[in-house]
2 protein chains.
Amino acid sequence: MSVLPKALETLIVELGQLPGVGPRSAERYAYHLLKSDQNKLSRLADSISDVKSGVAFCSKTFCLVESGTDVSPLYSDPARDKTVVAVVEDPFDVLALEKTANFHGTYHVLGGALSPLDGVTPDQLHIKELVQRVKDDKVKEVILATNSSVEGDTTALFVQKELAPLDVKVTRLARGLPAGVDLEYADQITLSRALEGRQSL
Amino acid sequence: MSVLPKALETLIVELGQLPGVGPRSAERYAYHLLKSDQNKLSRLADSISDVKSGVAFCSKTFCLVESGTDVSPLYSDPARDKTVVAVVEDPFDVLALEKTANFHGTYHVLGGALSPLDGVTPDQLHIKELVQRVKDDKVKEVILATNSSVEGDTTALFVQKELAPLDVKVTRLARGLPAGVDLEYADQITLSRALEGRQSL
């Protein structure tokens, strides 16, 4: 005999499909929603139904844009330097870099990282479009800002090789100690990379 | 200038109101939803909109029931012993106790725990209804199964006092070492309670 009403069980199953949400968290969210008022539920439900129709991808950079917009303001803005391109895996990486307020170039979202095991091959990523952009916009520097993971590293290497025949400087984000971390608590890989990438003062 | 499309920002704000979901988790959920297909989004949206209308509260035990059902099968089932009542704070606590498959009495959901600071007073909990049930059903034992927290303890004490004039045995869930925990890692309060509640073999 099921102890929970069917509507609640359905909701728990649906919420459990969000990334990183286990059965307990799903129960917690579902119970919270059950106690919320119907207006709030409708707002959440509408925002879920409407998200896909309200969002489009920039045809140049593959950043997220308002639907109906062709090119992201992060590209069309004349203040952005089109000859410097930061290459990232996912659209939210753009957000992270924008928050630094330290980058005034443009972005190129690959749409993922190479991972043959998960079936992600080079032609599923926006690499051809990047090569085309480098030619069209006479890009001077491509900054590889993929994640610091095996997939991110593989992707960076692949993109670097694709760009090699072109006359463009290719750089990578520095790897080393993150801010606020004690040396003794840094892991070996991080510390090795910090040593390798040491800079003269 | 906002970097994210409005529809996505709205969704992140709405998701961020779930309990324990911070801005980063909300972004992660929103991006996952954005990449899901529309059918899946509609199913989630519908299950959120419909949860309140599909769920009701049992008029006897205040457990969650299918809407249109008056009394929970956990109460109406003749196999359940109506003279033993486990008093819990929230409807999901019923689920946890049912999973043990070790309890064959009935439940009474208080609907929260006493917490004057949060404005939860005794008349907001289903305590009167419990007293009435104890009289009506000639209940022999009330098992206080509130949480092991300050609020849970306060609530248990209050319910115990309310039941004192009646001819009913009042018990509490045992407190002590949880299964699989090393003695050396148990906290002081747990260990003190395990000592206090020690049982002769």
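The values are calculated or read from the model by the stated rules, or taken from the named source; none is laboratory data. A quick note: this is a predicted structure, and the numbers were derived from the prediction, not measured. Every residue, glycine as well, gets a Cβ built from its backbone with ideal geometry; the counts of neighbours run over all protein chains shown. Only protein heavy atoms, including side chains, enter the accessible area calculation; ligands, DNA and RNA are left aside. Shrake-Rupley method; radii C 1.70, N 1.55, O 1.52, S 1.80 Å.
Where nothing but the Cβ of Lys and Arg (+1) and of Asp and Glu (-1) is charged, how large is the charge dipole of the stretch B:1-89 around its Cα centre, in debye to the nearest 20?
My answer is approximately 220 debye.
Ordered by 1.4 Å accessible area with all protein chains kept, B:Ile48, A:Ile143 run largest first as A:Ile143, B:Ile48. Specify the longest stretch of chain B that does not include any exposed loop site, a site being one of the trypsin sites (Lys or Arg not before Pro) with a non-H, G, I, E, B DSSP assignment and at most 11 other Cβ atoms within 10 Å. Between exposed loop sites, the widest span is B:1-137. When chain A is turned onto chain B, its residue with the beta carbon nearest the axis, and that distance in whole angstrom, is A:Ala45, 2. Across chain B, the relative contact order, built from alpha-carbon pairs under 8 Å that are at least six residues apart, equals 13 percent. What separates the Cα centres of the stretch B:85-112 and the stretch B:64-79 is a distance of 13 Å. Computed over chain B, the per-residue total of -39500 (n - 2.57) for DSSP H runs of n ≥ 4 gives a 222 nm mean residue ellipticity of -13000 deg cm²/dmol, rounded to 500.
Peptide A:52-64 has a mean of 3 when you count, residue by residue, the C-beta atoms of other protein chains within 10 Å of its C-beta. Amide H contacts of B:Ile143: B:Val85, B:Ala86, B:Val87, B:Thr171, each under 5 Å away and 5 or more positions distant or on a separate chain (H built 1.01 Å from N in the peptide plane; Pro and chain starts excluded). So, counting K/R as plus one and D/E as minus one, what does the shell of residues with Cβ under 13 Å around B:Leu11 add up to? Neighbourhood net charge equals 0. Basic side chains Lys and Arg get +1 at the Cβ, acidic Asp and Glu get -1 at the Cβ, and with that the dipole of the protein assembly as shown about its Cα centre reaches some 20 debye. When the Gaussian network model of chain A links Cα atoms closer than 10 Å, the mean-square fluctuations of A:Asp50, A:Asp136, A:Asp187 top out at A:Asp187. In the assembly of identical copies, B:Leu173 has its label point, taken 7 Å from Cα in the direction of the beta carbon, separated from the corresponding points by 4.4 nm (ascending, one decimal). Along the stretch A:128-135 the Karplus relation, 6.51 cos²θ - 1.76 cosθ + 1.60 evaluated at θ = phi - 60°, assigns HN-Hα couplings of 4, 5, 5, 4, 4, 5, 4, 5 Hz to successive residues, with x for each Gly and Pro.
Distances between copies at A:Lys140, taken between label points 7 Å from Cα along the C-beta direction, are 8.9 nm in increasing order.
The mean number of Cβ atoms from other chains found within 10 Å of a Cβ in peptide B:94-101 is 2, as a whole number. Taking amide H as placed 1.01 Å from N in the peptide plane, the amide H of B:Phe57 sits under 5 Å from that of B:Val65, each at least 5 places away or on another chain.
Modelled spin-label separation between A:Leu157 and A:Lys138, with each label point placed 7 Å from Cα along the Cα-to-Cβ direction: 3.5 nm. For the residues of B:37-46, the average number of beta carbons from a partner chain within 10 Å of their own beta carbon is 5.
Restricting the calculation to Cα atoms, the protein assembly as shown yields a radius of gyration followed by a Dmax of 28.6, 91 Å.
Here the Gaussian network model covers chain A, with springs between Cα atoms less than 10 Å apart; of A:Gly16, A:Gly105, A:Gly152, A:Gly16 fluctuates the most. Using the Cβ of A:Asp187 as centre and a radius below 13 Å, the other residues enclosed give a net charge of 0, where K and R count +1 and D and E count -1. Considering only B:Ser49, B:Ser59, B:Ser148, the mean-square fluctuation computed in a Gaussian network model of chain B, springs between alpha carbons under 10 angstrom, is largest for B:Ser49.
Which of A:Lys140/B:Lys6; A:Lys138/B:Lys35; B:Lys128/B:Lys169; A:Lys40/B:Lys161; A:Lys40/A:Lys99 have a Cα-Cα distance over 28 Å?
A:Lys140/B:Lys6; A:Lys138/B:Lys35; A:Lys40/B:Lys161; A:Lys40/A:Lys99
Listed values for the stretch B:17-27 are Karplus-derived 3J(HN,Hα) couplings in whole Hz (6.51 cos²θ - 1.76 cosθ + 1.60, θ = phi - 60°), namely 8, 5, x, x, 9, x, x, 5, 4, 4, 4, and x replaces Gly and Pro.
Charged side chains reduced to their Cβ positions (Lys and Arg at +1, Asp and Glu at -1) give chain A a dipole of some 200 debye around its Cα centre. For B:Lys161, the label point sits 7 Å beyond Cα toward Cβ; its separations from the matching points on the remaining copies run 7.6 nm, from shortest to longest.
As a calculated quantity, the FRET efficiency between A:Asp187 and B:Ala174 at R0 = 35 Å, using C-beta atoms, amounts to about 0.25. Computed over the alpha-carbon pairs of chain B, the distance histogram in 10 Å steps reads 7, 25, 26, 22, 14, 4, 1, 0 percent, short to long.
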